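See below for the structure under consideration.
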Amino acid sequence: MNQPVRLGVWGCGGHAVNHLEHMPSPELIKVTALTDLDVGRMDKARGIIGGKDGMVTSTDPRNIFDAVDAVFIATPDHCHAEQIEMALHAGKHVLAEKPLAVDQFQLAQLEANMNYAAAHGLHFSTCHPRRFDPRNIWTRDNLDVLILRHGSPVGFTFTFDYPAPKDVWKNTRGLLMDHVNHEIDLLGFFLEPDDFTARRLKDSAHAYEVIGCREGDDVWFRFAGTRSNAVKYWSSSRETATLYFERGYVEISGGEPMVREFTVDGRQVEEHAVALTHHFTRYGEVVANFASVIRGEAMPYVSLDEMFLNTRTGVDLTHDGSTPSMF
């Protein structure tokens, strides 16, 4: 494919707007259609795009399929599974926001959708922008050096404190479903995916905590986060990823353009300057990879197996409280 990928955006709320404001080059991918039940949201999204000539807009998603090669799904979580199926069966490549399923029925539907995409040569992907954070890439690429210096990996923690969500529907279910797929994916990005067992310790609309252990390398993990009205803006939010080794640990903290190394007793021994990019910029890199795969110019940055594992983790922990997740 030499032409830009024609993209339809399904759902024009906050996530979609963030993507639209940070789209890759129009030579790579171009938004040609929008669909949303709310005409006002659709008009706002259309205004952000700029080039409106020939733009197809409709409250019925079926009316946009002839105008697109691919669909980006950014609707409320419980809608994703059915809409993914609808777009794939219309012959469209799909990039969908997470979670890709919210219960066991949808998880089975997700597996069927993945099989359908693979059988019909359609690219199906999702959004894990932390994989494009230069600090996370540096940590993964330097893992062998870190192991020589500090010993084998033994643990991983990810903690965060974000603003409370503006979307009312996000307050109707737990934070775990919204976020654990990010954290388990980042651990797999650093160390490669592995079978693991995990247990839910806490889950509400504004806080969650999960602990677990991987089976192949015995690396333990703890994920804990909050969404609070006390945190007014994303710029003041905090998140810290810490990868522990036998004789030290590595820390990636908030908006700091660096990766720090520490000895096991907390003494800092190295500080590596690493470029920092805005998380919306990393969304753009997700979309760029999606388009490049469709054009035959790149490999998928995340596999279907990884997507299923991440989704299953959220579903099992939300509904059952524990998960023996097999990769």
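The single condition from (1) among the aliphatic types (A, V, I, L, M); (2) free of Cβ contacts under 8 Å to residues at least 40 places away in the same chain; (3) surrounded by fewer than 17 Cβ atoms within 10 Å (Cβ to Cβ) that Leu20 fails is (3).
Out of Asn171, Asn113, Asn136, Asn142, I need the residue that is polar (S, T, N, Q), out of contact with any Gly (no Cβ under 8 Å at 6 or more places or on another chain) and at pLDDT below 95. Which one? Result: Asn171 is the single residue among Asn171, Asn113, Asn136, Asn142 that is polar (S, T, N, Q), out of contact with any Gly (no Cβ under 8 Å at 6 or more places or on another chain) and at pLDDT below 95. Number of residues in the range 180-211 that are in contact (Cβ under 8 Å) with a residue 60 or more places away in the chain and farther than 15 Å from Leu143 by Cβ: the value is 13. Filter the range 226-258 for residues that are small (Gly, Ala, Ser) and at pLDDT below 95 and give the result. Result: Ser228, Ala230, Ser235, Ser236, Ser237, Ser253, Gly254, Gly255.
Reported count of residues in the range 51-100, each being out of contact with any Gly (no Cβ under 9 Å at 6 or more places or on another chain), among the aliphatic types (A, V, I, L, M) and in a helix (DSSP H, G or I), is 4.
Of all residues in the range 31-45, those satisfying the criterion of being touching a strand residue (DSSP E or B) at 6+ places or on another chain (Cβ under 6 Å) and either part of a helix (DSSP H, G or I) or within 16 Å of Pro4 (Cβ to Cβ) (or both) are Val31, Thr32, Ala33, Met42, Ala45. Of everything listed in (1) closer than 17 Å to Arg6 by Cβ; (2) part of a helix (DSSP H, G or I), the single unmet condition for Ala112 is (1). Out of all the residues in the range 62-81, is one or more polar (S, T, N, Q), crowded, with 20+ Cβ neighbours inside 10 Å and farther than 22 Å from His179 by Cβ? Scanning the range 62-81 turns up no residue that is polar (S, T, N, Q), crowded, with 20+ Cβ neighbours inside 10 Å and farther than 22 Å from His179 by Cβ.
The values are calculated or read from the model by the stated rules, or taken from the named source; none is laboratory data. Predicted, not measured: the structure shown is a model, and the values here were computed from it. Here Cβ is always computed from backbone atoms with ideal geometry, including for glycine, and neighbour counts include all displayed protein chains.
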